[in-house]
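Input: a single structure, listed below in structure tokens.
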Amino acid sequence: MPTTDTTRRRVKTTCPRDCYDACGMVAVVEDGRVRKVLGDPDHAIARGALCGKCAIAYNGVWRDPSARLTTPLRRIGAKGDGAFAPISWEEALAAIADRLSGIVANSGPARILHAHYTGTVGLLAGWFPTRFFAHLGATEVDPDSVCNKAGHMALDYVLGTSLDGFDPESASDAATILVWGANPSHSAPHMHKHWLRETPARVIVIDPVTTGTASAFAQDHVKLRPGTDAALAFGLMHVARRENLLDEAFVARSVLGYDAIEAAIEAATPEAIAALTGVPAETIADVARAYARGPSMIWLGQGMQRTRRGGNAFRAIAALAAITGQIGKTGAGLCYMNGPATRGIDMALLTAPEVARDPGSVSHMDLARILADPARAEAFFTWNCNPLASSPDQASLRAAMAREDLFTVACDVFPTDTVAFADIVLPAASFLECDDIVAPYFHHTLSAQVKVEEPPGEALPNAEIFRRLAAAMGYDHPALFETDESLLSRILAATPFEGDFAALAAAGTVRLHDAPRIPFADGIFPTPSGRIEIASARAQADGLPLVPEPHADGPPTSGRLRILSPACAWQMNASYANDPGIARQIGPARVHLHPDDAAAAGLADGDPATLENEAGRLDLAVRISEAVQPGVALVYKGRWPGREPAGANVNVLHAGAKADLGGSTAVHSLEATLVPAGGGS
Ligand SMILES: Nc1nc2c(c(=O)[nH]1)N[C@H]1C(S)=C(S)[C@@H](COP(=O)(O)OP(=O)(O)OC[C@H]3O[C@@H](n4cnc5c(=O)[nH]c(N)nc54)[C@H](O)[C@@H]3O)O[C@H]1N2
Ligand SMILES: Nc1nc2c(c(=O)[nH]1)N[C@H]1C(S)=C(S)[C@@H](COP(=O)(O)OP(=O)(O)OC[C@H]3O[C@@H](n4cnc5c(=O)[nH]c(N)nc54)[C@H](O)[C@@H]3O)O[C@H]1N2
Ligand code: SF4
Ligand SMILES: [Mo]
């Protein structure tokens with residue numbers, strides 16, 4: 001793509017944030033520089049508008065070279081100070097290769113940890129570097145363990161896959177849509193504004209908070225207590241069974257283990273479930289009828305599985321879909337995520353498993369403890385993620401990362417809190433500065449991310465950084481040096497898209513299926529039995545209950561509040577906090593409290609308050625709101641600790657509690673005591 005022309009041009013590209021929407025964008029380019037970034041009017045989801053946060057940040061901090069990392073850096077101050085001196089790429093890569101090679105030789109590569117996630121979901125920028133780390137034999141900090149692993153594993157047990165959900169396009173045939181533990185008004189703003197508003201289906205939101213999704217276009221809001229979703233699912237199954245709304249033919253043909261939960265369903269009367277969930281019995285009956293009559297879809301949010309029994313909740317909800325036959329037909333189904341394979345993308349083309357040297361993995365929930373231990377961690381390499389803002393046990397993690405003998409490398413676009421602790425910093429090119437492919441995780445489309453300008457200073461795309469690092473390490477496996485051109489063309493060649501990258505770039509976004517895709521229409525599931533496994537021998541072999549249970553978390557321990565810290569409308573995880581326009585939108589860090597809880601603590605709107613538990617304490621400003629139920633404190637995720645007066649964000653209260661599956665985060669199970677600012681122990 002030429003970047004030195006003098007004419008004004010409009011180039012289609014794609015937003016590669018970790019967002020359900022994957023908006024098509026138009027970059028207005030003049031004299032080789034981006035002048036403005038807009039939504040693409042041709043894109044079916046964006047319809048010409050970016051979300052509020054990207055409209056600000058993509059025309060703000062993302063295009064401000066003074067806010068970016070523009071050259072490799074070497075630490076000259078204390079860890080965390082953020083004092084660095086510029087160095088050349090050769091020096092930076094040689095220093096890294098030297099230290100990593102020394103660790104490999106003396107202690108073995110497992111003591112090198114690398115953390116990465118979805119700072120960009122571009123396939124090359126997100127996956128090509130994993131070849132390097134797998135070849136090195138480094139320990140991977142399991143990326144999904146900080147986000148959605150419990151849900152993936154649960155659906156894998158029951159359905160055989162978590163990555164083959166309903167096609168949003170088939171929603172026109174749905175009579176009911178349950179948005180269960182997702183808040184698209186923040187996390188998928190265009191799906192919210194268009195898809196949910198325009199669907200003729202009855203939209204029912206199941207969320208402990210009156211979110212924008214619950215209050216805008218939803219007909220009903222089921223405001224359950226946090227962590228009571230599995231019990232609710234059993235209550236819904238009870239009513240469906242009692243009222244003969246089960247799909248017996250489907251169960252006989254395609255479901256394994258209904259009999260093993262029948263007694264629990266029978267016991268889950270609406271009255272009993274109302275007492276556990278706080279949802280009125282009539283509401284349970286009403287939602288059950290609407291859902292079971294169908295056709296019904298369930299959007300399985302990521303928020304709901306971030307609890308101690310989040311995996312069990314997902315298994316219970318999948319059982320509900322199974323016994324009512326709300327799967328495998330148009331207008332029905334579950335969607336957690338639609339994986340790249342639904343568009344023919346072969347992830348092995350990206351990860352090149354043949355280069356791997358058997359690397360191990362650890363959970364983000366254990367990261368702080370492992371990094372504190374020199375016998376387990378001698379080097380830490382972060383790329384595409386910001387663990388000092390996003391991972392648990394923030395105070396311990398910061399202390400561990402201050403270890404003088406922990407060699408730390410951070411590769412990012414911006415100077416984050418994590419970057420401030422690095423020995424060597426590698427400046428990454430942004431999505432406006434390199435070609436890539438985006439495979440959205442909700443829609444069955446494929447999009448081009450197109451280079452529209454040169455990176456500032458010496459910043460380089462992730463893929464190029466790791467090719468150069470492989471060379472500095474003296475590696476010679478060809479897969480570590482594959483070019484972007486080769487990667488892009490091999491990926492596309494394996495998909496149904498008949499064209500090269502230039503053709504995809506010209507189109508912006510393409511839909512790969514003529515008709516809405518209906519997964520499991522043949523009633524066959526990729527489980528060992530070929531059926532939906534409500535009873536899962538694999539789960540049992542992994543030490544879990546054979547079947548889902550009607551579990552409900554109890555109310556918080558006396559005197560404490562349950563902390564929920566979901567997605568903020570104005571940030572993308574921990575991104576955008578460094579944009580002045582975004583900072584104005586979000587204001588100071590707040591805790592949203594029900595009026596009763598505020599009154600009990602003697603707090604008025606705007607008062608300072610402190611949340612405190614065994615992991616840490618956090619100062620916040622009180623916002624009194626009926627959207628939050630009694631016993632719950634809502635604090636949005638994603639602020640940069642270093643920019644906060646408190647020097648921390650909500651993850652300082654997360655001691656690393658795990659869900660029931662996969663060492664996945666239980667961040668929505670935290671409890672803390674609320675005290676007036678500066679009070680407490
Ligand atoms: N309390 C609480 N904590 C949470 C959550 C929660 O709900 N509550 N949610 C969790 C979830 S769901 C997630 S996914 C994690 C996300 O946590 P993070 O992975 O930390 O989040 P991001 O802000 O998306 O991205 C991280 C970094 O990637 C960088 N980046 C962007 N593009 C590129 C690129 O092209 N190259 C390189 N090298 N870097 C790039 C960005 O500048 C940013 O600093 O947070 C988790 N933390
Ligand atoms: N604006 C914006 N968009 C984002 C992100 C962002 O940070 N900001 N992050 C992106 C990423 S990485 C992810 S993973 C997704 C996440 O987006 P979503 O899938 O929407 O998940 P969350 O926002 O974490 O939480 C959604 C809802 O779960 C609710 N919840 C919490 N506990 C429970 C419970 O026990 N039961 C039920 N039923 N609900 C519960 C919360 O109240 C919240 O409203 O969003 C992506 N999009
Ligand atoms: S973050 Fe999401 S809503 Fe915003 S522009 Fe990107 S894809 Fe669209
Ligand atoms: Mo996430």
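The values are calculated or read from the model by the stated rules, or taken from the named source; none is laboratory data. Computed from a predicted model, the values in this text were never measured in an experiment. Neighbour counts are summed over all protein chains in view; Cβ atoms, including those assigned to glycine, are modelled from backbone coordinates with ideal geometry. Only protein heavy atoms, including side chains, enter the accessible area calculation; ligands, DNA and RNA are left aside. Shrake-Rupley method; radii C 1.70, N 1.55, O 1.52, S 1.80 Å.
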Inset, instruction - Look through the stretch 593-612, keep the residues that are of a type outside the set (D, E, K, R) and buried (at least 20 other Cβ atoms within 10 Å of the Cβ), and return whichever of them is farthest from the chain's Cα centre (by Cα). - result: LEU603
Legend entry - GLY325 being on the phi > 0 side of the Ramachandran plot, open to solvent by 20 Å² or more (accessible area, probe 1.4 Å) and in contact (Cβ under 8 Å) with a residue 12 or more places away in the chain: no
Inset, instruction - Test each condition in (1) farther than 21 Å from SER536 by Cβ; (2) in a helix (DSSP H, G or I); (3) open to solvent by 10 Å² or more (accessible area, probe 1.4 Å); (4) touching a residue at least 40 places away in the same chain (Cβ under 8 Å) for VAL251 and report the one that comes out false. - result: (1)
Legend entry - Flag if LEU426 is touching a His at 6+ places or on another chain (Cβ under 7 Å), touching a residue at least 12 places away in the same chain (Cβ under 8 Å) and not basic (Lys, Arg): no
Legend entry - Residue, nearest to the chain's Cα centre (by Cα), within the stretch 49-65, restricted to residues that are small (Gly, Ala, Ser) and open to solvent by 20 Å² or more (accessible area, probe 1.4 Å): GLY52
Legend entry - Filter result (touching a residue at least 60 places away in the same chain (Cβ under 8 Å) and closer than 30 Å to ARG9 by Cα) within the stretch 498-538: PHE501, LEU504, ALA505, ALA506, ALA507, GLY508, THR509, VAL510, ARG511, LEU512
Inset, instruction - Could you tell me which residue of the stretch 24-39 is farthest from ligand 3 (Cβ to nearest atom), considering only residues that are open to solvent by less than 10 Å² (accessible area, probe 1.4 Å) and not aliphatic (A, V, I, L, M)? - result: GLY32
Inset, instruction - Starting from the stretch 184-204, keep only residues that are without any contact (Cβ under 8 Å) to a residue 12 or more places away in the chain and over 19 Å from VAL222 (Cα atoms), then list their pairs with residues that are of a type in the set (Ser, Thr, Tyr) and open to solvent by less than 30 Å² (accessible area, probe 1.4 Å) whose Cβ atoms are within a distance under 9 Å, requiring at least 6 positions of separation or different chains. - result: LYS193/SER185
Legend entry - Boolean, ALA182 is open to solvent by less than 10 Å² (accessible area, probe 1.4 Å) and either assigned to a loop (DSSP other than H, G, I, E, B) or under 18 Å from GLY325 (Cα atoms) (or both): yes
Inset, instruction - Would you confirm whether any residue within the stretch 99-122 is among the small types (Gly, Ala, Ser), in a helix (DSSP H, G or I), touching a residue at least 60 places away in the same chain (Cβ under 8 Å) and open to solvent by less than 10 Å² (accessible area, probe 1.4 Å)? - result: no
Inset, instruction - Kindly indicate whether ALA85 is more than 16 Å from ligand 2 (Cβ to nearest atom), in contact (Cβ under 8 Å) with a residue 12 or more places away in the chain, surrounded by fewer than 16 Cβ atoms within 10 Å (Cβ to Cβ) and among the small types (Gly, Ala, Ser). - result: yes
Inset, instruction - Name the residue, out of ALA395, ALA389, ALA420, ALA368, that is touching a Gly at 6+ places or on another chain (Cβ under 8 Å), in a helix (DSSP H, G or I) and under 25 Å from ASN106 (Cα atoms). - result: ALA368
Inset, instruction - Can you give me the number of residues within the stretch 498-532 that are open to solvent by less than 50 Å² (accessible area, probe 1.4 Å), under 28 Å from the mean Cα position of the chain (by Cα), closer than 22 Å to PHE166 by Cβ and at pLDDT 95 or above? - result: 7
